[in-house]
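See structure below.
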């Protein structure tokens with residue numbers, strides 16, 4: 001247990017996404033009802049020691065703690081009888097709260113590092129190419145990318161952490177630690193009010209950044225629900241074609257297909273596609 005917990009602490013401190021996945025896979029047997037507290041304690045001590053010896057920063061320490069807390073909170077809520085989608089919603093509230101705190105505490109330092117990276121990128125272009133070959137469009141693309149990273153600083157944490165916890169939850173389900181009817185995952189209708197608030201904010205110039213961040217943050221939940229809809233409709237086929245599923249996942253991530261899947265999840269909140277399918281099957285059975 002100790003070795004796995006220490007490795008999980010190190011990975012989570014430097015790469016929260018990887019650390020959460022690692023913990024749910026190789027550390028799953030230590031997350032049972034008797035051993036999870038000891039495992040979490042070792043991880044906590046490991047992260048604190050890394051910070052005490054100045055191996056990681058305060059932002060890295062807090063990010064590691066909140067990402068792992070999100071996973072453990074989800075696991076314990078499911079054990080107490082909460083539906084997985086409700087547990088994920090509560091975890092999302094926790095991660096959203098930390099995303100705001102993280103923005104208040106660390107965004108200025110992040111902005112400075114991004115500006116330094118932009119300067120370094122421009123210097124690298126000058127060293128690799130003649131100055132006359134560097135077009136204004138190149139500099140504009142670099143500036144656009146840096147501005148985007150700074151504007152979405154809040155939402156970036158939320159979406160990467162929720163996707164990591166979602167993937168970890170699938171692993172925990174496969175290992176038998178939680179019970180979850182994944183294909184029936186459906187978040188509360190009230191989430192649409194948050195989306196509407198984000199849309200209104202995005203249309204108001206003074207609130208545009210806040211609105212866009214809110215929409216991106218909610219996108220992580222609707223992405224999960226969209227995947228659940230696809231699982232319901234074509235899950236049996238995809239499970240028989242594992243290699244094809246893996247390829248489709250990578251293609252989807254690279255080509256931005258996740259926006260389409262998130263849209264499916266959002267519309268499912270209103271229309272409940274799975275209920276429509278159930279009604280059609282019930283009608284066909286009645287006709288027979």
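Just a yes or no: is a residue in the range 206-214 touching a helix residue (DSSP H, G or I) at 6+ places or on another chain (Cβ under 8 Å) and within 21 Å of residue 165 (Cβ to Cβ)? Looking through the range 206-214, at least one residue is touching a helix residue (DSSP H, G or I) at 6+ places or on another chain (Cβ under 8 Å) and within 21 Å of residue 165 (Cβ to Cβ).
When we screen 75, 49, 11, 61 for residues that are in a helix (DSSP H, G or I), within 22 Å of residue 157 (Cα to Cα) and free of Cβ contacts under 8 Å to residues at least 24 places away in the same chain, the only hit is 11.
The set of residues in the range 174-209 being surrounded by 15 or more Cβ atoms within 10 Å (Cβ to Cβ) and without any contact (Cβ under 8 Å) to a residue 24 or more places away in the chain consists of 197, 198, 201, 202, 207.
When restricted to residues that are under 12 Å from the mean Cα position of the chain (by Cα) and either more than 19 Å from residue 30 (Cβ to Cβ) or free of Cβ contacts under 8 Å to residues at least 24 places away in the same chain (or both), the range 147-173 contains 10.
In the set (1) over 30 Å from residue 185 (Cβ atoms); (2) surrounded by 14 or more Cβ atoms within 10 Å (Cβ to Cβ); (3) at pLDDT 90 or above, residue 53 fails one condition alone, (2).
The values are calculated or read from the model by the stated rules, or taken from the named source; none is laboratory data. Quick caveat, the model's predicted, so the values are computed rather than measured. Virtual Cβ from ideal backbone geometry, glycine too; neighbours counted across all protein chains shown.
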